[in-house]
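Each remark here refers to the structure printed beneath this line.
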Amino acid sequence: MKLPTDLNKIWGFAVRSALVNRRNVFAVFEMFFWPGVAIFSVGLLTRFLQLDVATVTFILIGAVSMNTIQIAQLDLSYALLYSVWAKSLKHEFMAPIRLSHILLGSGLVGLVRGLLVFVLMGFLSTWLFDMELGRPGVAGLILFLLGIFLNAFIIGALVLALVLRFGQRAEVAAWAFSYLILLLCGLYYPVSVLPPGARQLAQLIPLTYFLDYFRHFYGFPLASAHPLLYGFLQSVIYIFISYALLYQTLKNALKRGTLLRLSE
């Protein structure tokens, strides 16, 4: 029995993204090398500073989250950038596909890669720096990972919108967006240390609440009374906004002939 047409199209983009990653040594390199470097560098820094176990855990959670989101959103961000680099963007949309096929297919591979990074960094954190990654339990880990991947999806969708608007010039956004968000959400420090204006911006970022939720299992007080409620509510709202923005950007790109200029 064949899969429905939409599922076949989603699966097609997932396979394409997986093949690109398998044949690109740098994609494999960035999935294992940089997360490993991040854990070693951050972990050894905490030892040099002789931080207590709780503070080390606080910082390592931030390092694991940052690299997981960064890797998870790249497949989505690069879904159209690969076509821009290959000068074949117009062919992408000549086929009977929708944005949802691209987002779900590429996002599926990003989810798998992000999960692998999370497991790798969690193992290294536990083995080398005595972090108890399993303390939140299975339910806590699943909810935290779901929050991370929703944030990665939002970032990736926004980058895609920039690709359709600016072409190759948007390449830097694939990294810059996530770093900007991670700077504000209290990755390596409590949000309370941010200046007042930045602190208010942090409250508009879903990841802030998911980090708050996950860290409370390690003895840190909740900054929000209902972190999961605020985190998932904001995530759903931002997903609809980012998809609507991406859809409108695609319509404008078709009208202006941007797809033709980015193709041969």
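The values are calculated or read from the model by the stated rules, or taken from the named source; none is laboratory data. The structure displayed is predicted, hence computed values, not measured ones. Here the Cβ positions follow ideal geometry from the backbone for every residue, glycine too, while neighbour counts run over all protein chains shown.
Which residues, taken from segment 238-251, are without any contact (Cβ under 8 Å) to a residue 12 or more places away in the chain and in contact with a helix residue (DSSP H, G or I) (Cβ under 9 Å, 6 or more places away or on another chain)? Steps first, please.
Kept after step one, since they are without any contact (Cβ under 8 Å) to a residue 12 or more places away in the chain, are these residues of segment 238-251: 240-241, 244, 248, 251.
Of everything in segment 238-251, those that are without any contact (Cβ under 8 Å) to a residue 12 or more places away in the chain and in contact with a helix residue (DSSP H, G or I) (Cβ under 9 Å, 6 or more places away or on another chain) turn out to be I241, Q248.
Among the basic types (K, R) and under 26 Å from L250 (Cα atoms) - does that describe any residue in segment 132-152? No - not one qualifying residue is present in segment 132-152.
Of all residues in segment 213-226, those that are crowded, with 19+ Cβ neighbours inside 10 Å have Cβ atoms under 7 Å from Cβ atoms of residues that are assigned to a loop (DSSP other than H, G, I, E, B) and not aliphatic (A, V, I, L, M), 6 or more apart or on another chain, in F214/P136.
Yes/no matrix, rows are residues, columns are (1) within 19 Å of the chain's Cα centre (by Cα); (2) at pLDDT below 85; (3) under 30 Å from M94 (Cα atoms):
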position: F177; (1), (2), (3): yes, yes, yes
position: A202; (1), (2), (3): yes, no, no
position: A223; (1), (2), (3): no, no, no
position: N252; (1), (2), (3): no, yes, yes
position: G257; (1), (2), (3): no, yes, yes
position: R261; (1), (2), (3): no, yes, yes
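The single condition from (1) within 22 Å of L229 (Cβ to Cβ); (2) modelled with pLDDT under 85; (3) β-branched (V, I, T) that V159 fails is (1).
Selection within segment 19-74: residues that are in a loop (DSSP other than H, G, I, E, B) and among the polar types (S, T, N, Q). The member of this set that is modelled with the lowest pLDDT is N24.
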